[in-house]
Each structure stands twice: as C-alpha cells, then as structure tokens.
1. Hey, among 56, 107, 76, which residue is in contact with a strand residue (DSSP E or B) (Cβ under 7 Å, 6 or more places away or on another chain), over 18 Å from residue 7 (Cα atoms) and touching a residue at least 24 places away in the same chain (Cβ under 8 Å)?
2. State the number of residues belonging to the range 110-132 that are assigned to a loop (DSSP other than H, G, I, E, B), without any contact (Cβ under 8 Å) to a residue 24 or more places away in the chain and surrounded by fewer than 13 Cβ atoms within 10 Å (Cβ to Cβ).
3. Just to be sure I understand, how many residues within the range 1-18 are in a loop (DSSP other than H, G, I, E, B) and under 14 Å from residue 59 (Cα atoms)?
4. Considering only residues of the range 17-37 that are within 14 Å of the chain's Cα centre (by Cα) and in contact (Cβ under 8 Å) with a residue 40 or more places away in the chain, which is farthest from residue 48 (Cα to Cα)?
5. I'm trying to understand the selection: among the residues of the range 43-100, which are within 15 Å of the chain's Cα centre (by Cα), within 22 Å of residue 128 (Cβ to Cβ) and part of a loop (DSSP other than H, G, I, E, B)?
6. Return the only residue of 30, 46 being over 16 Å from residue 118 (Cβ atoms) and at pLDDT 95 or above.
C-alpha cells in the first residue's frame, strides 16, 4: 500500500513510518514526491493522487473534510483518508511517533479491509479510529 503524507505533518514522520513498513508498504511526504511540487494545493495533490491511483492519505488537515470543494475532489479521487484529530498537534515529537506507531497496524488493516474512498478519524486520547 502507498501512503501519502501532506504538509500538515513533517517529512521526518513520513520517512520514519516508511522505514517501519518497508518492504510491504510505503510512506512518502509531499516534499519527497518526485511528481508533486511541495507547495501543491490540497486540490492539486488530491487530483494527482486520484489519477495515479491506490493512495492512502495520512493528514492532520481536517479542513479537507469541511471545505466543499476539497470534499468533492477527495470523493472523486476515491482516496482513503486517515485524519488525525486536533489533539495530535499538542504532542511532543516522541509522543506523536509513539502513539502513531501504536496505531499503524490498525490503520493498515482498515486501509486493506475497506473499499477505496473511506475516511477515518484517528483519535489520540481514546486510541479509536472511527469511520467518518
């Protein structure tokens, strides 16, 4: 599975996750993606990933689920999305990686199990991953 990480998470997070899941899966940050400008708008990278196919998005950008234009493009692209809730922003880098790593197996399982186009909210405090 191919996971895409946008600018709402640091490139180091994507690189660390990539090391953990190789060779079965991969994570790439927008800044490391060879075909996307690092300052691509949400709509630009969503459209690109939709055309390229098979991507799963990991982001803290909950606005994608609130702005009508982005919602529509995301649906058309049939991307699976994992949206980290606001509480992730308050964690130290070590706590962030610890908690995200502890949920990684479940994230991969849900991405494999559900059809393309499903979106999930990943919570910090309850460790729940809920369909949205």
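1. After applying the criteria, what remains is 107.
2. Looking only at that region, the number is 2.
3. The qualifying residues number 5.
4. 17
5. Selection gives 60, 61, 79, 85.
6. Selected residue: 30, the only one of 30, 46 that is over 16 Å from residue 118 (Cβ atoms) and at pLDDT 95 or above.
The values are calculated or read from the model by the stated rules, or taken from the named source; none is laboratory data. For clarity, every value in this text was computed on a predicted model and none was experimentally measured. Glycine also receives a Cβ, built like all others from the backbone with ideal geometry; neighbour counts cover every protein chain displayed.
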